[in-house]
Structures are given as structure tokens and as C-alpha cells.
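Let me begin by presenting the structure, written as C-alpha cells, before commenting on it.
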Amino acid sequence: MNPILAIGQILVSIALIAAILLQSRGTGLSGTFGGDSAVYRSRRGVERRLWQFTILLLVLFVLFAVVAFLAH
């Protein structure tokens, strides 16, 4: 495996884990700052950007995995 691919996949996986942990179910970032999470609402502001960033990291992780598989 190419070392650049391996390092890239490790960095993306660490960032993906961190992004998922920041989105803990039921609390979210608004719950961290005292917001009420009992009522359903749409994602706004930082939560929405974090959600989009998590999806981007997921796509990057899958791409790294596919490229590493094909390069092997």
C-alpha cells in the first residue's frame, strides 16, 4: 500500500471518528451549551456544517479505501 494513501486514510478516519462523536445522539452541540434537545428540530448553523463535514469525510474515507484496494 502506498504510504501516502495509508497516512491519508488514517487522518481521515481519525477526523471521521471525532466528527461522529461530536454528534452524539440526543444532545448535539446545542445540548452542550444548554439548549433543549427534547423537541425535534432541523439542524442549523454549526450542527448543519458538522453534519455536512461528516458526510464529506465519509465519502473521502470510502474513496481512500477503494483507491487503496485498486492500487494493491
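Taken together, the values in this text are just the output of simple stated rules run on the coordinates, not laboratory data. In this text the structure is predicted, and so the values were computed from the model without any measurement. Neighbour counts are summed over all protein chains in view; Cβ atoms, including those assigned to glycine, are modelled from backbone coordinates with ideal geometry.
Assuming 0.36 nm per residue, please report the length gained on full extension of the stretch residue 10 to residue 46 beyond their Cα-Cα distance. Walk me through the numbers before you get to the answer.
On the way: separation 36, 0.36 × 36 = 12.96 nm, distance 2.48 nm.
Answer, rounded to one decimal: 10.5 nm.
Model label points for residue 59 and residue 24, set 7 angstrom from Cα along the Cα-to-Cβ axis, are 2.9 nm apart.
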